[in-house]
Amino acid sequence: MSENKFEPITGTVMPRYAGLPTLMRLPFTQLTDADIGEVEIGLIGVPWDGGTTNRPGARHGPRQLRDLSTMVRNVNRASGINPFALCNCADLGDAPVNPADLLDSLQRIAGFYDTVCGRGIAPLSVGGDHLVTLPIMRALAKNGPVGMVHFDAHTDTWDTYFGGNPYTHGTPFRRAIEEGLLDPKRTVQIGIRGALYNDGDNDWGERQGIRVIDIDEFHAMGLDAVIAEARRVVGDGQTYVSFDVDALDPVYAPGTGTPEIGGLTTLEAQRMVRGLRGLNLVGGDVVEVSPPFDQSGNTALVGATMMFEILCVLADSIAARR
C-alpha cells in the first residue's frame with residue numbers, strides 16, 4: 001500500500017471550508033487513472049432519485065454529503081479505527097445516471113459498478129433514493145448472493161406501484177431477492193415502523209426468510225441483543241450494509257423523502273454499525289438524504305457520519321482478509 005497517498009486532507013493543513021469538496025476530503029480518483037489499482041474502497045455518489053414516489057430531492061444528496069463530510073476526521077473515537085490507515089480509500093466521483101429514464105439509469109449505474117467491483121474495489125456509496133442499491137447489488141453479487149444488514153423505517157420489499165411499476169425505492173430488495181442477488185435468510189432489517197397501505201404488505205419478505213426487527217421489537221430486545229441477532233443472521237458470509245436515513249427519527253434526519261416518527265436515535269445507529277465489526281463486509285451505502293427538506297444540512301451531516309461509521313467497519317473487515 002502506498003504511504004499517505006490516499007490520506008484525507010486534514011483540517012490542520014487546509015481549513016474545512018477550503019479546497020474542492022470530495023467525500024471525506026479524500027483524493028478524487030477516476031476509474032481510468034493510473035493509480036486506480038491501488039484503491040481498496042471507493043466512495044461513490046449516485047445522484048439519482050428516479051425511484052422516488054412522493055418527495056423527491058435525494059438526487060442532490062451526494063453533492064451535499066461531499067460538503068458536510070469535511071467534518072469527518074480520521075479516527076473513530078469509540079472504536080479506535082482509522083479506516084484511512086487500514087485501506088486506500090478514494091472518492092471515485094458519481095455513477096452515471098439518466099434523470100429522464102429509470103431503466104437506462106439502472107443500466108448505467110450497474111455498468112459503472114461492474115467496473116468498480118471488477119477492479120476489486122469495495123464500494124461505499126451515497127444516494128440517491130433506495131432503488132440505487134439494486135444496480136449496485138447487480139454488480140456486487142455476480143458470484144452469488146450477499147447477506148445484508150439493513151437499517152430502515154420500511155422493508156422495501158413491496159412488489160409494484162400504481163398497478164405495474166416494479167422499480168421504485170420501495171421495491172429494491174424484492175427485486176434483488178428475485179434476481180438471486182440477496183440471500184433473504186441472511187438478511188436482517190432493523191427499525192421498521194410506520195403504517196402500511198394494506199394488511200400483509202410486509203409479509204412477502206418474512207415468508208422468504210428475512211429477519212425483520214421492527215422498532216417495537218428493537219426496544220423490547222435492547223440494543224446489544226439486536227446487534228447479536230444481526231450477527232447471527234448474516235453469519236460469516238459476504239455481507240452488505242444499507243443505511244436509509246429514515247431509519248432515524250426525523251428529529252435527527254428531517255431531510256428525507258419518507259420520514260416516519262418514532263425512529264432510532266443517531267447514537268443507537270452508530271452503536272449498531274460499530275457492532276458489525278468483524279463481519280465479512282463487502283460494501284455499503286447511505287441513501288435517501290434529501291437536502292431540499294433540510295436546508296440546515298444536519299441530515300447530510302448525519303448521513304456523512306453514518307457513512308464514516310460504515311467505512312470504519314468495512315475497512316477493518318478488508319484489512320483482516322489480507
Residue identified as over 19 Å from the mean Cα position of the chain (by Cα) and free of Cβ contacts under 8 Å to residues at least 40 places away in the same chain among 202, 198: 198
Index of the failed condition, residue 258 passing every other in (1) among the β-branched types (Val, Ile, Thr); (2) open to solvent by 10 Å² or more (accessible area, probe 1.4 Å); (3) within 22 Å of residue 177 (Cβ to Cβ); (4) not in a loop (DSSP other than H, G, I, E, B): (4)
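Rundown of residues vs (1) basic (Lys, Arg); (2) under 18 Å from the mean Cα position of the chain (by Cα), yes/no style:
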residue	(1), (2)
79	no, no
92	no, yes
102	no, no
113	no, yes
121	no, yes
148	no, yes
158	no, no
166	no, no
174	yes, yes
Lone unmet requirement of (1) more than 21 Å from residue 130 (Cβ to Cβ); (2) touching a strand residue (DSSP E or B) at 6+ places or on another chain (Cβ under 7 Å) for residue 199: (2)
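Each row is one residue, and each column tells you yes or no for (1) in a loop (DSSP other than H, G, I, E, B); (2) of a type in the set (A, V, I, L, M, F, W, C); (3) at pLDDT below 95.
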| residue | (1), (2), (3) |
| --- | --- |
| 1 | yes, yes, yes |
| 10 | yes, no, yes |
| 15 | yes, no, yes |
| 42 | no, no, no |
| 53 | yes, no, yes |
| 56 | yes, no, no |
Residue match in the stretch 180-193 (condition: aliphatic (A, V, I, L, M), in contact (Cβ under 8 Å) with a residue 12 or more places away in the chain, in a loop (DSSP other than H, G, I, E, B) and within 22 Å of residue 49 (Cα to Cα)): yes
Members of the stretch 265-296 found to be over 21 Å from residue 182 (Cβ atoms), hydrophobic (A, V, I, L, M, F, W, C) and crowded, with 23+ Cβ neighbours inside 10 Å, listed by number: 269, 289
Within the stretch 274-301, tally of residues that are within 16 Å of residue 153 (Cα to Cα) and part of a helix (DSSP H, G or I): 1
Residue that is farthest from residue 276 (Cα to Cα), among those in the stretch 155-173 that are touching a helix residue (DSSP H, G or I) at 6+ places or on another chain (Cβ under 9 Å) and open to solvent by 40 Å² or more (accessible area, probe 1.4 Å): 165
Sole exception among (1) more than 20 Å from the chain's Cα centre (by Cα); (2) in a loop (DSSP other than H, G, I, E, B); (3) free of Cβ contacts under 8 Å to residues at least 24 places away in the same chain for residue 85, by number: (2)
Top-ranked residue in the stretch 32-62 [being surrounded by fewer than 20 Cβ atoms within 10 Å (Cβ to Cβ) and among the β-branched types (Val, Ile, Thr); ranked as nearest to residue 109 (Cα to Cα)]: 32
Among the candidates 106, 131, 140, 124, residue that is open to solvent by 10 Å² or more (accessible area, probe 1.4 Å) and either in contact (Cβ under 8 Å) with a residue 12 or more places away in the chain or over 30 Å from residue 262 (Cα atoms) (or both): 140
Selection within the stretch 113-141 - part of a loop (DSSP other than H, G, I, E, B) and either closer than 17 Å to residue 184 by Cα or among the hydroxyl-bearing types (Ser, Thr, Tyr) (or both): 141
Residue identified as open to solvent by less than 40 Å² (accessible area, probe 1.4 Å) and under 12 Å from residue 311 (Cβ atoms) among 88, 82: 82
Of all residues in the stretch 1-31 being more than 23 Å from the chain's Cα centre (by Cα) and of a type in the set (A, V, I, L, M, F, W, C), the one that is most open to solvent (accessible area, probe 1.4 Å): 20
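The values are calculated or read from the model by the stated rules, or taken from the named source; none is laboratory data. The shown structure was predicted, so the numbers you read here are calculated from the model rather than taken from an experiment. Backbone-built Cβ (ideal geometry, glycine too); neighbour counts: all protein chains shown. Just so you know, the surface numbers come from the protein's heavy atoms only, side chains and all, with ligands and any DNA or RNA stripped out. Shrake-Rupley method; radii C 1.70, N 1.55, O 1.52, S 1.80 Å.
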